[in-house]
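Participant: Take this structure first; my questions come after.
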Amino acid sequence: MTDLIRQRRLVQPSFHRSHIDGYAEIMQRHAQALADSWQPGQRVDVVAAMGDLAASIVSEAMIRTPLGATVRAAIGRSLPDFAQGAVIRALMPAAFGRLPLPFNRRFDAAARELRTAIEGAVRTYRADDGDHADLLSMLLHARDADTGEAMTDAEIRDELINILIAGTEVTAMTLAWTLHELDQHPAIAERCHAEALAATADGPVTVSALAGLDLIDRVLHEVCRRHAALFLMRRATTSITLGGVHIPQGAEIDYSIHALHHDQRHYADPDRFDPDRWLPGKQDNLPKGAFIPFSAGNAKCIGDGFAWTEMKIALATLLSRWHLRQVSDHTVGEALATIPRPTDLIMSTEPANGTADT
Ligand code: HEM
């Protein structure tokens with residue numbers, strides 16, 4: 001069994017549906033705090049706001065005890081430099097990472113701060129052996145079903161950092177693109193606001209109310225189709241012929257979920273934003289593998305259920321309070337990142353149904 005598969009088997013149970021439902025309160029509370037912090041007419045840097053929201057949610061789901069506050073502060077300081085550095089280093093030759101450039105020094109300092117903070121939390125949890133209903137407790141108690149082996153402290157640390165990075169940027173970009181698409185499609189946005197208001201009519205949105213967010217669900221499907229990963233990498237573990245092309249063992253292969261999601265054979269008018277292409281029954285003939293925002297196979301995203309719950313809770317909470325409109329002196333562009341990152345997404349807040357200032 002490869003290390004990847006072994007790690008996957010140990011971590012996967014922590015993302016079981018029952019645990020994700022337990023994180024819904026964290027997701028709702030952080031989304032509510034963001035909605036409460038906005039004032040009518042405020043200019044919001046949406047990419048930064050969604051990044052902070054996603055990072056706060058994942059970090060609290062990881063470490064729920066009071067110790068989490070110290071770790072979260074370290075994460076807040078180090079994550080931007082660490083995440084940016086990790087992507088650039090993955091794309092550059094290894095020697096680049098050893099050059100004494102300011103950029104590398106920032107990355108190394110961020111990596112040290114992040115690792116030290118998380119290692120401290122792992123040691124403290126290991127010493128008290130309690131169950132704090134968070135990811136760190138679950139990883140400490142995870143045992144391999146065949147061998148009974150647990151993860152080492154270093155493996156748990158690396159796994160938490162992996163989850164932190166993978167669970168923040170892409171979720172934040174998907175939420176940011178959703179707010180942009182809704183601004184571009186006011187009629188769809190109106191219906192989403194109505195859905196969000198209905199889901200929050202009796203108080204904060206609950207997990208059971210998420211099933212009623214049909215249109216928001218379709219909007220998220222369409223955002224995940226249109227704004228998917230540009231390219232991901234795989235290495236051939238054996239030589240193989242794929243689609244008539246011979247791929248030797250050890251070859252690095254790039255694949256693009258973005259290109260797959262824009263294939264006209266599967267999606268009519270693929271550049272059009274059309275959440276109704278996800279109405280029940282409409283995609284019955286879509287071949288397996290034609291819609292894979294979370295990838296597929298052994299390396300598929302472990303956090304898909306987490307992400308979907310988080311994004312629906314965040315949207316229901318924010319849209320029940322606010323309309324976000326692009327401010328006219330900024331034009332949205334796209335920057336290269338795993339999932340293209342919207343640039344200049346500066347939006348202004350307008351109370352939805354006059355609810356925000358009540
Ligand atoms: C809209 C939100 C998200 C999208 C579209 C997404 C997408 C993906 C994709 C495409 C991969 C596979 C990468 C590859 O094949 O190399 C992946 C991996 C992963 N994702 Fe997600 N993800 C999202 C949210 C999350 C969240 C919320 C978490 C955790 C809380 C998470 C945790 C992970 C982890 C741990 C991996 C494995 C990374 C690795 O193998 O090193 N993701 N994700």
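Participant: Gain in length, Asp45 to Gln12, computed as 0.36 nm per residue apart minus the alpha-carbon separation, to one decimal in nm?
Facilitator: So the chain would gain 8.5 nm between Asp45 and Gln12.
Participant: For the chain, set up a Gaussian network in which alpha carbons nearer than 10 Å are linked by springs, and say which option among Ala316, Ala290, Ala176 fluctuates the most.
Facilitator: The residue with the greatest mean-square fluctuation here is Ala290.
Participant: What residue among Arg341, Arg106, Arg235 shows peak mean-square fluctuation when the chain is described by a Gaussian network model with Cα springs under 10 Å?
Facilitator: Arg235
Participant: On a full-extension model of 0.36 nm per residue, what is the gain between Glu190 and Ile240, subtracting their alpha-carbon distance, rounded to one decimal in nm?
Facilitator: That pair, Glu190 and Ile240, stretches by 13.0 nm at full extension.
Participant: Rank Val327, Ser295, Pro340 by how far each Cα sits towards the positive end of the charge dipole of region 221-358 (+1 on Lys, Arg Cβ; -1 on Asp, Glu Cβ) and give me just the farthest.
Facilitator: Ser295
Participant: Now for a separate question. Can you tell which of Thr241, Thr178, Thr65 shows the greatest fluctuation in a Gaussian network model of the chain with Cα springs below 10 Å?
Facilitator: Result: Thr241 has the largest fluctuation of those listed.
Participant: Turning to a different aspect of this structure: As a test question: what accessible area, to the nearest 10 Å², does Thr206 have when a 1.4 Å probe is rolled over all protein chains in place?
Facilitator: 70 Å²
Participant: Oh, and also: Of the options His262, Leu53, Gly22, report the single residue whose Cα projects farthest towards the positive end of the charge dipole of the chain (beta-carbon charges: Lys, Arg +1; Asp, Glu -1).
Facilitator: The residue sitting most towards the positive pole is His262.
Participant: While we're on this one: Calculate the spin-label point distance for Asp304 paired with Arg77, positioning each point 7 Å from the Cα along the beta-carbon direction, and give it in nanometres.
Facilitator: Simple spin-label model gives 3.8 nm for this pair.
Participant: Calculate for the chain the 222 nm mean residue ellipticity that helices alone would give, adding -39,500 (n - 2.57) per DSSP H run of length 4 or more and normalising by residue count, nearest 500 deg cm²/dmol.
Facilitator: Dividing the helical sum by the residues of the chain leaves -17500 deg cm²/dmol.
Participant: Explain nothing, just the number: dipole magnitude of region 91-205 about its Cα centre with +1 on each Lys and Arg Cβ and -1 on each Asp and Glu Cβ, in debye rounded to the nearest 20.
Facilitator: The calculated dipole for region 91-205 is roughly 680 debye.
Participant: To continue, here is another question. Say each of His141 and Ser256 gets a label point 7 Å from the Cα, pointing the same way as Cα to Cβ; how far apart are those two points in nm?
Facilitator: Distance between the two pseudo-spin positions: 4.6 nm.
Participant: While we're here: In nm, give the distance between the simple-model label positions of Glu350 and Ala94, each being 7 Å from the Cα along the Cα-to-Cβ direction.
Facilitator: Calculated label separation equals 5.5 nm.
Participant: Note down the magnitude of the dipole of region 1-112 about its Cα centre, charges +1 on Lys and Arg C-beta and -1 on Asp and Glu C-beta and zero elsewhere, to the nearest 20 debye. Could the numbers behind the result be given before it?
Facilitator: Values: 14 positive and 9 negative charges, 95 e Å.
The dipole of region 1-112 has a size of about 460 debye.
Participant: Let's see if you can work this out: charge +1 on each Lys and Arg Cβ, -1 on each Asp and Glu Cβ, no other charges. What is the dipole magnitude of the chain about its Cα centre, in debye to the nearest 20?
Facilitator: 800 debye
Participant: Take the alpha-carbon centre of region 248-298, take the same for region 60-103, and report the distance between them in whole Å.
Facilitator: What the calculation gives is 31 Å, centre to centre.
Participant: Output the peptides 258-270, 49-61 sorted from most to least packed, where packing is the average of other Cβ atoms within 10 Å over each peptide's residues. Walk me through the numbers on the way to the answer.
Facilitator: Numbers: 258-270: 13.9, 49-61: 23.7.
Most protected by this proxy first, the peptides run 49-61, 258-270.
The values are calculated or read from the model by the stated rules, or taken from the named source; none is laboratory data. On a predicted model such as this, the values are computed, not experimentally measured, just so you know. Reconstructed Cβ throughout: ideal geometry from the backbone, glycine too, with neighbour counts over all protein chains shown. The protein model used for the area step is the full one, side chains on, heavy atoms only, and it has no ligands, DNA or RNA in it. Shrake-Rupley method; radii C 1.70, N 1.55, O 1.52, S 1.80 Å.
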